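Structure first, commentary second.
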Amino acid sequence: MEIDSRKDEIAHYIGNQILDLRKSKKLSREQFAEKTNLSPNYIYEIEKGNSIPGCLALIDICNTFQIAPANLLNKYLDDNCYIISELVHSDFEKLSTYDKKLILDMIHFMANR
């Protein structure tokens, strides 16, 4: 695959992921822009696949959605423990304090048996 076509494919994929997340959170483009400190026009360009967010924009987007970058990029990342740990972390953050403690206790128990 040529570099330009790969870049376009990735830009459209990331844009669609961000658009779907924004809509699922019922945020207008303007509300999302305010939360991410990005301009509504830049968000439009990202969602349309015309632009790929830079590192700082990606961090702001992930922080706003409270997700790991792997959630947006997983289709293009090699399988490895870092991706798995990021995805697990993302789900772990959604748990109650009690459930988090229970899981950590189980991990500690299993690692030390």
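Values quoted throughout were computed directly from the atomic coordinates according to the rules given, and no laboratory measurement underlies them. Keep in mind that this is a model prediction, so the values were computed, not measured. No Cβ is skipped: glycine too gets one built from the backbone with ideal geometry, and neighbour counts run over all protein chains shown.
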Which value, to two decimals, describes the C-alpha radius of gyration of the range 9-72 once divided by 2.2 N^0.38 Å?
0.95
If I model a spin label as a point 7 Å beyond the Cα along the Cα-Cβ vector, how far apart are those points for Phe109 and Arg6 in nm?
4.6 nm
Send over the per residue convex hull volume for the chain, Cα only, as a whole number of Å³.
114 Å³
Dipole-positive endmost among Gln17, Pro40, Ala111 within the chain (Cβ charges, Cα centre)
Ala111
Roughly how many nanometres apart are two label points built 7 Å out from the Cα toward the Cβ at Gln31 and Tyr98?
3.1 nm
Taking the Cα centre of the range 1-96 as the origin, how large is its charge dipole in debye, to the nearest 20, when only Lys and Arg (+1) and Asp and Glu (-1) carry charge on their Cβ atoms?
400 debye
Within the chain, which whole H helices from DSSP have a Cα span along their axis of at least 27 Å and a mean Kyte-Doolittle hydropathy of -1.0 or more, if any?
3-24
